[in-house]
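Computed from the coordinates by the stated procedures, all read-outs in this text should not be read as laboratory data. Since the model is a prediction, treat every value here as computed from it, not as a measurement. Cβ coordinates were reconstructed from backbone atoms using ideal geometry, including for glycine residues, and neighbour counts include every protein chain displayed.
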Amino acid sequence: MSTKEFIIEMGKVPHVAGYESALAHLAAGWFGKLASAQTDSLGNMIARKQGAKNAPRVMVCAHMDEIGLMATEICDNGFVKFARIGGIDKRNILATEVTIHGRKPVYGIIGIKPPHLTSADEMKASIEIKDMAIDTGYPKEKLEKLVRPGDIITFNREVTELKNGRLTGRALDDTAGLAAMYHALELLKDFKHNADLYFVGSAQEEVGARGAKTAAYGIKPDIAIIIDVGFANTPGLADHETIKMGDGAAIAVGAAVNRKVFDDLKKIAKQNNTKHQIEVLPGRSGTDADEIQIAAGGVLTGVLSIPLKYMHSTVEVVDLADVKNCGKLVADYIMSLQDWEGDECY
Ligand code: ZN
C-alpha cells in the first residue's frame, strides 16, 4: 500500500480521542502483515518486530486519535448541542457538515445565523460553542432513538489531493505520522535489526498523551522516537515559530528530547542524504514525548515533526515527500543501532 493510500484510507475511519478502536483494528491489520500486532486495553495498537535476544527496546510512536466533538444534549427543538474533544478553534466549525456516530450514523450541519439578521456587534465576536447546535432535520422524538449524550461527532471531510504531492483533509495530525511509521516498518521488512522494535499507534494524545503513557510503561523502551506534526510556515506566521513544508521531517531539540538521540538522528539524516530540518522545542513538546520521556525509569526520546499547515482544522495539508523522508529517517536510525547495547551513557 502506498503512503498516499494509507493516509486516505485512515481518513475514512472516525477516530476521535477515546474512540479510536476502529482505526486501531484497521492499523493492526496493516501493521500485522509486517509485525506481530495487537491492541491493548487503553486502545493503543502495538506492533512488535523482534530483534536479537536481550536487545535494547526501541519504541516508535505516532498517535491515532483525532480531535472532534461529543453530543451533550438533544434539545426540545430537535437540535443537538455538543462539546469539543481536543483543541478545536470554535471559529472554524460554523457551517460545517458533521456525522453523529449514534446508534447509526446521523448526518447533520452546524448552522449559522443569516448575516442579514446579525448585528454589527455580533459580527465582530466569535460565536461560543454553547451557542452552536447541530441540525439533523429530525424532530426530538426521532433523534432520541438514534443519538444519546456521549456519542462522538466527526467533521465530514475525507483526504483529497492537492497539486505537487500534497494531501489535504481532516486528521492528517497524526495519520501522516502513522503513515511515516508504517513506511519505516516497510523499509525494515527484510533487514535483520538488533533492536527489539515496538511500533505504537497511541490512543488519546489529543486529550493528554494518555495512551502513550501506558504503552511506554508496558514496553519500557530504552529509546523512543515520537512522530507527530509541526507547524508549517504559512502567510501570517513567523519563521522562528514554524518549519518548512517540503524540507523533510524536523528533528526536534529541547527539553523533551535526549541530546544524543537528537545528534544521532541529525547525523544519520546527513549521512543518508535524507532531507531534514531542525525544530526548536525548548519546553514541553506538546506530543506523546512529554509522557514517554518520564515513563517508568525514564526513556531516551527523539521527536520528529512532519510539517503540516492549518493544524487542527479540517483542511490540514501535508507533503507526501516529507512523510516518506520521515519514515526513511526512522528506519535508518534503527539500523544505526546495530552495535548499541543499551548500556551506553547518554
Ligand atoms: Zn498530533
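Rounded to the nearest Å, what's the spacing between the alpha carbon centres of segment 201-264 and segment 267-346? Just the number, please. Cα centroid to Cα centroid, the span is 6 Å.
Calculate I(q)/I(0) for segment 1-126 by the Debye formula, one identical point scatterer on each C-alpha and no solvent, and give its log10 at q = 0.17, 0.20 Å⁻¹ to two decimals. Debye curve over Cα of segment 1-126, log10 I(q)/I(0) at q = 0.17, 0.20 Å⁻¹: -1.03, -1.25. Sorting the segments 334-340, 123-129 by their mean number of nearby beta carbons within 10 angstrom, highest to lowest, gives 334-340, 123-129. With 5 Å bins beginning at zero, the pair-distance distribution over Cα atoms of segment 176-235 amounts to 4, 14, 22, 22, 19, 11, 5, 3, 1, 0 %. Ignoring lysines fewer than eight residues from K309 along the same chain, the ones with Cα atoms less than 16 angstrom from its Cα are K163, K244. If you bin all the Cα-Cα distances of the chain at 10 Å, starting from zero, the percentages per bin are 6, 25, 32, 21, 11, 4, 1, 0. When Rg and the Kirkwood radius Rh are both evaluated on Cα atoms of segment 142-222, their ratio Rg/Rh stands at 1.10.
Based on Cβ point charges of +1 for Lys and Arg and -1 for Asp and Glu, what charge dipole magnitude is obtained for the chain about its Cα centre, in debye rounded to the nearest 20?
For the chain, the charge dipole is close to 480 debye.
Sequence-ordered 3J(HN,Hα) estimates for segment 8-18 from the Karplus curve with 6.51, -1.76 and 1.60 and θ = phi - 60° stand at 5, 5, 5, x, 7, 9, x, 8, 4, 3, x Hz, glycine and proline given as x. Ignoring aspartates and glutamates fewer than eight residues from K189 along the same chain, the ones with Cα atoms less than 20 angstrom from its Cα are E5, D332, D339. Evaluating 6.51 cos²θ - 1.76 cosθ + 1.60 at θ = phi - 60° for every residue in segment 300-308, the Karplus couplings come out as 6, 10, x, 10, 10, 10, 7, x, 9 Hz, glycine and proline recorded as x. Taking the alpha carbon gyration tensor of segment 39-99, multiplying each eigenvalue by 5 and rooting it gives semi-axes of 41, 14, 8 Å, largest first.
Over segment 193-346, all Cα pairs binned in 5 Å intervals from 0 give whole-percent P(r) values of 2, 10, 18, 22, 22, 15, 8, 3, 1, 0, listed from short to long.
Tell me which trypsin sites (Lys or Arg not before Pro) from segment 21-115 have a DSSP coil assignment and no more than 14 other beta carbons within 10 Å of their own.
Numbers: sites: K33, R48, K49, K53, R57, K81, R84, K90, R91, R103; in loops: K33, K53, R103.
The qualifying sites are K33, K53, R103.
Protection proxy ranking of 281-291, 322-332, 181-191, by the mean of other Cβ atoms within 10 Å over each peptide's residues and highest first, is 322-332, 281-291, 181-191.
Scalar couplings 3J(HN,Hα) for segment 170-180, obtained by applying the Karplus form with A = 6.51, B = -1.76, C = 1.60 to θ = phi - 60°, are 8, 6, 4, 7, 9, 5, 5, x, 5, 5, 5 Hz; x denotes Gly and Pro. Rounded to the nearest 500, the 222 nm mean residue ellipticity of the chain from helices alone is -7500 deg cm²/dmol, with -39,500 (n - 2.57) taken per DSSP H run of at least 4 residues. Between C75 and I278, residue separation times 0.36 nm minus the direct Cα-Cα distance comes to 68.1 nm. Among 195-208, 164-177, sorting by the average number of other beta carbon atoms lying within 10 angstrom of each residue, highest first, gives 195-208, 164-177. For a straight C-alpha distance cut-off of 28 angstrom, the lysines reachable from K81 (same-chain residues fewer than eight places away being disregarded) are K12, K90, K104, K113, K124, K130, K140, K142, K145.
As a calculated quantity, the FRET efficiency between L117 and T234 at R0 = 45 Å, using C-beta atoms, amounts to about 0.85.
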